[in-house]
Amino acid sequence: MESQSSLPVSSPAPIAPPLLNWAGNYRYSTTRLAQADSVEQVQELVQTTDQLKVLGSRHCFNGIADSTQQLLSLGAAETDIYLDAAARTVTVPASITYGRLAPYLHSHGFALHNLASLPHISVVGACATATHGSGIQHGNLATAVRAMEFVLASGEVRVLSQENDGDEFQGAVVHLGALGVITKLSLAIEPTFQLCQDVYENLPLDQVCEHFAAIQASAYSVSLFTDWQDQRITQVWLKQRLTPGAQLQQAPPDFFGAPRATQNLHPLAGLSPINCTEQMGVPGPWHDRLPHFRLGFTPSSGEELQSEYFVPLRHAEEAIRAVAGLHKYLRPCLQVSEMRTVAADALWLSPCYQQNSLAIHFTWKPDEAAVSQVLPLLERALSPFGVRPHWGKLFILSAAHLQSQYEKLPAFQALMAQYDPKGKFRNAFVNTYLANSL
Ligand SMILES: Cc1cc2nc3c(=O)[nH]c(=O)nc-3n(C[C@H](O)[C@H](O)[C@H](O)COP(=O)(O)OP(=O)(O)OC[C@H]3O[C@@H](n4cnc5c(N)ncnc54)[C@H](O)[C@@H]3O)c2cc1C
């Protein structure tokens with residue numbers, strides 16, 4: 001991965017306060033935001049700054065990307081994408097979003113194995129927190145990383161690859177921004193493919209618990225949406241991968257007792273599906289079916305909060321019953337929940353490290369006080385199952401609990417000490433959850 005371009009250094013320019021995350025619920029602790037458009041500019045900033053954090057597309061809901069001194073945005077100037085068709089990899093600059101990468105790959109005949117619910121997220125920020133899509137066979141988006149180029153605290157450029165750096169690479173891929181400034185990522189790609197998407201309504205919760213494995217295995221990607229009321233899943237989104245040349249089969253009218261929807265739907269009852277990806281079995285390219293929301297639309301104005309919890313798949317039924325038992329506490333503050341599965345991986349800080357997982361997601365109303373009342377109930381209900389939170393969403397689990405869930409944390413701490421001995425890339429979040437026992 002060679003560094004490119006040498007544009008004039010953009011001096012750190014204070015911008016008008018406040019500097020907020022996408023949802024507007026988190027105000028970063030400084031308004032000092034520098035932009036670097038080349039690796040050389042990143043090196044210069046890193047060498048002349050005591051503490052900094054990089055902002056991706058700011059889609060995290062907590063202080064993971066915060067800095068009290070200096071924020072850095074990797075600029076749009078470096079936009080080159082390198083496709084290596086023979087090696088089946090694509091190398092991207094840190095500023096890129098899935099929304100820009102995916103159509104490019106498709107137009108060149110390639111695809112990624114999976115995508116998150118919306119394409120507006122930065123690739124680097126998503127991989128940093130182990131962002132995931134759904135599918136019992138598919139690892140999170142970070143499992144596609146094959147190599148990473150980053151600037152260490154010393155200003156030195158380092159490349160780690162799956163091929164050459166084995167364990168160290170597995171440790172560094174999900175890094176929560178704590179190892180350095182990522183300037184490029186190489187991702188595994190595969191030939192482009194098509195999917196079709198069908199939605200089923202009102203699947204009884206008993207059916208989900210009784211046939212969980214069969215339901216999760218029934219499509220390339222399965223999402224179960226629910227408000228946890230009335231003992232049912234409100235919508236099941238099935239994304240079926242199509243075999244090239246095979247005749248398109250119409251989806252059955254019934255799915256474990258749930259009837260197939262007769263029109264496109266939004267996961268939130270009553271909202272227009274206009275910004276949702278096409279349903280009703282209409283085939284389309286992977287990047288226009290795997291996300292729930294279309295690239296051309298902003299999914300919402302950010303008027304939401306999110307939390308998400310991972311439990312080992314073997315506890316799925318008990319965990320679902322435990323959350324369903326909280327339905328009356330969830331009702332006032334929940335917009336919608338989504339359950340997905342994620343395959344086990346070998347990435348040290350991934351919530352799915354060595355365990356196939358059920359991810360139970362909550363899109364909350366933008367009412368932090370109400371959400372903070374319900375999170376302890378949820379976390380208590382899920383704690384018997386070794387719950388791990390999504391790193392980029394709201395949670396209040398203790399550092400001690402998190403540390404007990406990550407057996408590779410001491411090894412990751414050694415990586416932090418090696419790459420960043422003085423803690424240049426640490427912030428309150430990193431110090432609390434990753435570094436407090438250093
Ligand atoms: C509407 C919405 C939908 C979502 N859907 C999903 C979903 O389907 N599945 C899921 O798992 N998650 C989902 N998320 C969560 C989201 O994917 C993660 O929070 C992800 O980390 C966001 O990436 P970002 O770049 O926007 O985050 P940021 O908050 O900008 O950054 C995240 C972390 O990456 C670090 N970072 C970013 N760029 C660099 C860099 N170049 N070098 C070093 N560190 C860097 C930051 O410092 C920070 O620690 C969703 C979030 C929203 C708001």
Electrostatic dipole magnitude of the chain [Cβ: Lys, Arg +1; Asp, Glu -1; Cα centre; debye, to 20]: 520 debye
Set of aspartates and glutamates near LYS365 by C-alpha distance (under 16 Å), chain-local residues within fewer than 8 positions excluded: ASP227, GLU303, GLU304, GLU308, GLU338
Simple label model, 7 Å out from Cα along Cβ direction - TYR104 to GLU317, nm: 4.6 nm
Percentage relative contact order, segment 82-191, counting C-alpha pairs under 8 Å, at least six apart: 34 percent
Protection-proxy order for peptides 269-279, 112-122, each taking the mean of Cβ atoms within 10 Å per residue, highest first: 112-122, 269-279
Computed Kirkwood radius, in angstrom, where 1/r is averaged over Cα pairs of the chain: 22.2 Å
Residues of type lysines that LYS184 reaches as a straight line, Cα spacing below 27 Å, ignoring anything fewer than 8 places off in the same chain: LYS53, LYS393, LYS408, LYS422, LYS424
Segment 194-399: C-alpha gyration tensor shape, a/c 1.5 cut-off, then a/b vs b/c: prolate
Helix axis angle, 162-172 relative to the chain longest principal axis, alpha carbon, degrees: 80 degrees
Highest to lowest packing among 68-74, 44-50, scored as the average C-beta count within 10 Å: 68-74, 44-50
Residue-averaged 222 nm ellipticity for the chain, from DSSP H runs of 4+ at -39500 (n - 2.57), nearest 500: -6000 deg cm²/dmol
Packing-based order for 171-181, 157-167, using average beta carbon neighbours within 10 Å, highest first: 171-181, 157-167
Sum of side-chain charges, GLU317 neighbourhood, beta-carbon under 12 Å (Lys, Arg +1; Asp, Glu -1): -1
Charge dipole (debye, nearest 20) of segment 194-399; +1 at Cβ of Lys and Arg, -1 at Cβ of Asp and Glu: 200 debye
Summed residue charge, Cβ within 11 Å of ASP206's Cβ, Lys/Arg positive, Asp/Glu negative: 0
Part-to-part distance (alpha-carbon centres) for segment 97-133 and segment 151-170, which is given in Å: 22 Å
With Cα atoms, 0 to 90° folded angle of helix 368-382 axis to the chain main axis: 70 degrees
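Only the coordinates and a few stated rules stand behind these numbers; no lab work does. None of the values given here were measured: they were computed from a predicted structure. FYI the Cβ positions are ideal-geometry reconstructions off the backbone, even for glycines, and counts take in every protein chain you see.
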